[in-house]
Amino acid sequence: MGEPLLTSLPAAAGPAVVTVAPAWAVAVVAVLGALALAAAALDGVLSARSASAGGALGAAGRPLGEASRLLRQRRRTTVQADTLLWRTGGAGLLVAAALMLAVVPLGRWTVADLAVGVVWFNAMDVMVWALVWLVGWGANSAHALVGGYRFLAHGLGYELPLMFALVAPAIAAGSLNVGAVAAAQDGLWFAAWMPVAFLVYLLGVAGFSVWGPFAPALGTDVAGGVRAELSGVDRLVLETGRYALLAAGAAFAVPMFLGGGAGPLLPDWAWTLVKTLAVLALLVWARRRLPALRPDLFMEIGWLVLLPAALVQDLLVAVVTVWRS
Amino acid sequence: MGLREVLARSAARHAHVLVVEVPGWDGLRMATERAVLERGWRLAWSPADADVLLVCGPPGPRLAAAVDLVWEQLPGPRVRVDVLDRRDLPDALAGACAGLLDDDHHRRDPRARHGAQDHGGHDGPEDHDGHDGHAGSEHHGDHDSSDDHGGHDMEMSPGGIPLAEGGDDRDGLEMDVLAVRLGPVLPHWPAGLVLHCSLQGDVLTGARAELLGAEHEDGDAADPRTRALDRVVSVLALAGWDDAAERARRVRDAPATGDARPTTADHPTASPGLARLRRRVRRSRMLRWSLRGLGPLTADDVRRLGLPEDAGGDAYDRLLHLLDDVDEPAPPGGRQAVPVDALADPVVGLDLAAARLVLAGLDLGGLSAAPAPRPEATRG
Amino acid sequence: MLVDIAFVALGVVAVLSGAAVFVVDSMARATYALAVSFVAVGVQVLFLQQSYVGVVVILMMVMEMAVMAVYMVMFMGMNPALMPMSMVHSNRTAVATAVLTFLLLAAGILVVDWPARRGSPPPEVTEALGEALMGPQMLVMAVISPVMVATIVAGVVLAAPRTRYDRFGDDLRQRPPDDPQPGGVGR
Amino acid sequence: MTLEAALLISAAIFSVGLYGAISQQVVVMVMMGLELMINAVILAAAACWWFLAPGPTGQVLLMVVIAAMTLEMAMGFAVAVLLHRARQTDMTDMATDLSR
């Protein structure tokens, strides 16, 4: 594990990560689906607890019940909807989530061992900007469009801090390769000595999943916002996409901040999954604790608090890294 | 066949219900919400999300027309239920559940829909094709030839939707003004209220409020305590804090559970649930940060607009005030009715989210259709 | 072979979606057609082994187009209702110029005897880029950075109508500032 | 995947962008034309680097091009807002002060 990192090339993957055949992409999608389902089930259980309705077991089955309901429901269109863009936006979220997860190594195996995996992840999360806005735009409805704009406003606030938060582990590892970053955390997780970056990263994940405090784009006050006009399969795809993004974001935190597959007893792929589920559970739980961050207020927080904090974190990490080498 | 049935049963167990409240029937609406949640169903936020449309009370003619428009937008399989009495609720919900499972009916439904709208040539495919195009969305600019925008040349209107007109926004930048009608069917929205707004982006640059009334007045009104807690639920839900809103709903519904009609005069002393809710709301810094300074009203404003006296301060003050005074017995004779015109003024100049929060925090229990219509309130 | 086909197919996508920008009626579609064009070129750059540059092109352009779409809607105010309208001038000249340019460039590309490849790609392309920027080519970034800062300042000055006197009052003492929309930090 | 193919694609994109930049009336659309032209430059530069001289420093040019594009966008938007504010217009035909 402690090999010189700068030489771990994507082509000659070395012992850090093994690239598996592209056909395993199916497995990526399966894992993503399972994680998304787990997140939805946990959210169902927590919701039922606060509403004190139904048993926990029934609540865990809630996402499946909702899915069956949406499968049975008819799709609808609105007057002069831009159907092409509308549907693209919804389906694209799932694709973006799968592409994010593709660069995350599961233990030793990865589907796509890109040399610039970290930047790749970032590019995919920027895709979400476009996709969510398109869902809001396509419906040709005022509420949905307001939701779309709210998401962009949030995006302007969280995206730059998120980018600089991702820079910190990359500096410390001296590589943009995800496997190399995971391998660089020998003994000490990055989350432990760059907590600000980790926190900002988690905020960013909630941001691009339109989750919890970043959900005004889907707010009650605009009748569901972006999804106000969605029904049936289209709504199912959008909701699945959100949970998938949340899951992909949680999975990416593991190699970046939580030591990848490192851990006692269990094999490394199992540790990766356990850590992913832990981060996912944290994100799902956090939704219950926090009210929404209104975009107009959050903008200043993003630029005047989070961004400088992330930059200072980067500087500290850079200094420590130079000093250690 | 088996799979279809399993799917249908599972779907009916998880139905989403859009509850429409007729002004003066909020007690029935809250009882309905409770019954819906107890069934394991959910409350829908928009027509697109709903399987069941449940109307609480007898809507007056204009409100009925608005509800019909909403009914057109339910994607289907859909069931509509009208309830007038709490005692009918269990039967009504059971009937709705059975209605959701009636496959034959739902297969015929879209055809009837298209026929009714003179949409010939549609064979009504079995599933997955609900072109409820005509009704469009009532959330969407009001393209029902209302008086909001006269003088549009219809040549410039693709699909019958007039193009937006320009107007200066609050930064002095000319931007398109969208005429949007908010309400009367929106979650956490005062019953029967319609706000004709001019929107620039999501900022309200002008508004005119009106009230769509009930068919007759002898409603099923909630007691003041429940009503106050209901407003807490609304404010918390609109602030995006679902969990706290859920708990507030539990507190709201607590005294009435198992009791068909709670008495108005006596209430139990502060329940542990209420105390916990108070603590939780007070402790949340994020909530304070989010609501502080929203829609500030001075004592003068309150008097000028005819709002209740305790409406001063900002949205956060009003929420705390509300929580603290839940157990204060209301003055006998009730409050003076709030003129509906007063509602436009505090929200003009705010963005949509803020406007909703401000409206939800005001005590609009006795909303009255104002006698003298005033010109549209506009603020840069 | 497969790589060749994919490369050319991406090129066709890039050109066609680029052309679509000026053909479609909806502002949102035009903007996102441009985004598709950029993504296609970005993937092509990935094929050409410059992975960092390729991914950054995708990242930046999608973000830029998401913002651009808002500007398009703001200034042109078109709903997705596909309203056919023509917003061109001197169309003939433009077409002629474009075709002529293409023919000229194509002729040049095909006629020129391109030299053979000099040198070989560095083993770590991204690292090489970083070292070039931090080493021999540092001047480039040193020049770009102040230009960027200047652009940010100039852009804000051009676009914003309100000065600090509007915000803080004539003696700059007014706290909190008078903003149409207060921010979240409470300055 | 040859240099000629890449350059031809790039030339086609450039021409389309040129058409847009000349023919469009709306400022933002003109910017889109310029963007397309820069897009073509990116592709051409990447292809030249790879097929002609894949030295370590060649990619810096690409970074400069991308930076130039962002500057163009930022100034373009600022000027568009200013024009809109000052003249209530977004048409290039109405902003011809420098053309006489």
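Values in this text are rule-based calculations from the coordinates and carry no lab data. Remember, it's a predicted structure, so these values are computed and weren't measured experimentally. When we count neighbours, we look across all protein chains shown, and the Cβ atoms used for this are built from the backbone with ideal geometry, even at glycine.
Using unit Cβ charges (K, R positive; D, E negative) and no other charged atoms, how large, in debye to the nearest 20, is the dipole of region A:204-282 about its Cα centre?
120
Quick check on the exposure proxy: order B:78, A:150 from fewest to most C-beta atoms within 10 angstrom.
Placing the least packed residue first, the sequence is B:78, A:150.
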- Taking 0.36 nm per residue of separation between residue B:69 and residue B:94 and subtracting their Cα-Cα distance, the length gained on full extension comes to 6.5 nm
- Item | Distance in nm between pseudo-label sites at residue B:101 and residue B:299 (7 Å out along the Cβ direction from Cα) | 6.2
- Query: For region C:125-187, rounded, prolate or oblate, judged on the Cα gyration tensor with a ≥ b ≥ c (square roots of eigenvalues), a/c < 1.5 rounded, else prolate if a/b > b/c?
  - Reply: prolate
- For region C:106-187, what is the charge dipole size about the Cα centre, in debye to the nearest 20, if Lys and Arg each add +1 at the Cβ and Asp and Glu each add -1 at the Cβ? 180
- Query: In whole percent, what relative contact order does region B:1-105 give with Cα contacts below 8 Å and a gap of six or more residues?
  - Reply: 30
- Roughly what angle does helix A:195-208 make with the longest principal axis of chain A, taking Cα atoms, 0 to 90 degrees, to the nearest 10? 30
- Message: Hydropathy at least -1.0 by Kyte-Doolittle, axial extent at least 20 angstrom from the Cα trace: which helices of chain C, defined as entire DSSP H runs, fit?
- Response: C:2-20, C:27-47, C:51-76, C:91-111, C:138-159
- Percent relative contact order of chain C, based on C-alpha pairs within less than 8 angstrom and at least six residues apart? 14
- Quick one: angle between helix A:62-72 and the longest Cα principal axis of chain A, in degrees between 0 and 90, rounded to 10, please. 50
- Take the Cα radius of gyration of region B:1-94 and divide it by 2.2 N^0.38 Å, with N its residue count; two decimals is plenty. 1.09
- Query: If you count, for every residue in D:63-74, the Cβ atoms of partner chains within 10 Å of its Cβ, what is the mean?
  - Reply: 6
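If r is the Cβ-Cβ distance from residue B:327 to residue B:216 and R0 is 45 Å, what FRET efficiency results, to the nearest 0.05? Kindly include the intermediate steps, with their values, before the conclusion.
Numbers: r = 32 Å, r/R0 = 0.71.
After rounding, the FRET efficiency stands at 0.90.
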- Task: Name the long-range amide H neighbours of residue A:109: under 5 Å, sequence gap of 5 or more, or other chain; modelled H, no Pro or chain starts.
- Result: A:18
- FRET efficiency, 1/(1 + (r/R0)^6) with R0 22 Å, evaluated for residue A:286 and residue A:50 via beta carbons: 0.95
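Counting each DSSP H run of 4 or more residues in chain C as -39500 (n - 2.57), what helix-only mean residue ellipticity at 222 nm follows after dividing by all residues, to the nearest 500 deg cm²/dmol?
One gets -22500 deg cm²/dmol as the mean residue ellipticity at 222 nm.
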- Task: Normalising by the residue count of region D:3-89, find the relative contact order in percent from Cα pairs under 8 Å and 6+ residues apart.
- Result: 27
- Item | Viscosity 0.890 mPa s, temperature 25 °C, Stokes-Einstein D of region A:58-119 from Kirkwood C-alpha radius, µm²/s | 161
- For region B:240-250, in residue order, the Karplus 3J(HN,Hα) values (coefficients 6.51, -1.76, 1.60; θ = phi - 60°; whole Hz; Gly and Pro = x) are x, 10, 4, 5, 5, 4, 4, 5, 4, 5, 5
- Using the Karplus curve 6.51 cos²θ - 1.76 cosθ + 1.60 with θ = phi - 60°, work out ³J(HN,Hα) for each residue of region A:318-325 in order, rounded to whole Hz, and write x for Gly and Pro. 4, 4, 4, 5, 5, 5, 6, 7
- Which ³J(HN,Hα) values in Hz, rounded to whole numbers, follow from the phi angles of region B:229-236 under the Karplus curve 6.51 cos²θ - 1.76 cosθ + 1.60, where θ = phi - 60° and Gly and Pro get x? 5, 5, 5, 4, 4, 4, 4, 5
- Inter-label distance, nm, simple model (7 Å from Cα along the C-beta direction), residue A:274/residue A:325: 3.3
- For region D:23-41 and region A:88-117, compute the distance between their C-alpha centroids and round to whole Å. 32
- Of A:206, A:191, A:170, which has the largest mean-square fluctuation in a 10 Å C-alpha GNM of chain A? A:191
- Radius, Kirkwood style, for chain A when every pair of distinct Cα atoms is counted (Å): 20.2
- Summing -39500 (n - 2.57) over every DSSP H run of at least 4 residues in chain A and dividing by its residue count gives a helix-only mean residue ellipticity at 222 nm, to the nearest 500 deg cm²/dmol, of -22000 deg cm²/dmol
- Checking A:260, A:212, A:224 against a Gaussian network model of chain A (alpha-carbon springs below 10 Å), the top fluctuating residue turns out to be A:224
- Message: If you take every residue apart from residue A:123 with its C-beta less than 15 Å away from the C-beta of residue A:123, what net charge results, scoring Lys and Arg +1 and Asp and Glu -1?
- Response: -3
- Query: Between residue B:193 and residues 5 or more places away or on another chain, which pairs have amide H atoms under 5 Å apart, with H built 1.01 Å from N, and which residues are they?
  - Reply: B:212
- Quick one: if you stick a label point 7 Å off each Cα along the C-beta vector at residue C:100 and residue C:117, how many nm between them? 3.8
- To the nearest 10 degrees, how steep is helix A:25-51 against the longest Cα principal axis of chain A, on a 0 to 90 scale? 60
